[in-house]
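Each remark here refers to the structure printed beneath this line.
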Amino acid sequence: MAPDPKPAGSTLAPDPKPAGSTLAPDPRPAGSNAKMQKKVVGLGFCLYLCNRINYLKIQDMKRKLLLCVMALSWVLACPAIAANGAHGEDDEDPMEVFVGKQFIDLQLKDFNGQSHRLSEYVGKGKWVLIDFWASWCGPCREELPELVKVYKAFHADGFDVLGISLDDDTQAWQKAVKKMNLSWNHLSDLSGWDSKAVEVYKVPGIPTNLLVNPKGKIVASNLTMDELADKLNEVLGQ
């Protein structure tokens, strides 16, 4: 990484969060029911699998017991799996600590291997969503068409997206961007979960994101696309 100094205002501010800079802690009515339904359905499905083991034609009781233990482990793991990178389904969002603070600058590369800093795209007078994703991430690819819609609706009014990929394969990364018509800027260090972006921004799972205001302050984390659209309607006056 080039040793050039980071632009002013691009480092993590040590000041406490200003009043009103964080998302409201109230429950989110728009998505809370859907999130709970996902957990209930996942748990119910796992319990169903556990129950079906009784009907397996397995004579060896030790093998049958082992399968039951494995199924039970899956049941216990379901809530954590459902929460990983699923927009706020976990009680705590590690990235929320950045809300109310200036974004942290870092250097990654574009498709051509050219190095760029986040500060080239963030804090330049636009609302920017820093979107963490990867071509191999199924939930990411399900969400991205909705992000494309939000981008098209608000881009002309001062909204942009910066995609930060956790890919480790250049061709897979570029192919996904092209296939899904992700027409915003994209950066990566092609290090997967060892990416510097994961370390700096404490990324717990993907998809996830940070919304940065025109002055470079992070105002929200882990937004659903509905929440993002509502926030942009609020700040851009649509």
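A few remarks follow.
- Linear extension gain, Lys124 paired with Arg141, 0.36 nm per residue minus alpha-carbon span: 3.3 nm
- The calculated FRET efficiency for Lys149 paired with Leu65, based on their beta-carbon distance and R0 = 41 Å, is about 0.25.
- Working from label points 7 Å from Cα in the Cα-to-Cβ sense, the Val97 to Glu234 distance is 2.5 nm.
- For the stretch 94-236, the Kirkwood estimate of hydrodynamic radius, built from reciprocal distances between every pair of different alpha carbons, is 15.0 Å.
- Footprinting exposure proxy for Trp193, Trp127, Trp133 (fewest neighbouring C-beta atoms within 10 Å first): Trp193, Trp127, Trp133
- Approximate spin-label separation Ala172-Phe111, in nm, with each point projected 7 Å along Cα-to-Cβ: 1.9 nm
- Residue exposure proxy: Ser165, Ser183, Ser221, ordered by other Cβ atoms within 10 angstrom of their Cβ from fewest to most, comes out as Ser183, Ser221, Ser165.
- Relative contact order (%) - criterion: Cα under 8 Å, at least six apart; region: the stretch 91-238: 35 percent
- Pairs of lysine residues in the stretch 141-202 - Cα separation under 23 Å, sequence separation of 8 or more or cross-chain: 7
- Listed by Cβ neighbour count within 10 Å, with the fewest neighbours leading, Glu234, Glu146, Glu96 appear as Glu234, Glu146, Glu96.
Read-outs: derived from the displayed coordinates by stated rules, not from any lab. As the structure is a prediction and not an experimental result, all values here were calculated from the model. For neighbour counting, all protein chains shown are included, and Cβ atoms are generated from backbone atoms with ideal geometry for every residue, glycine included.
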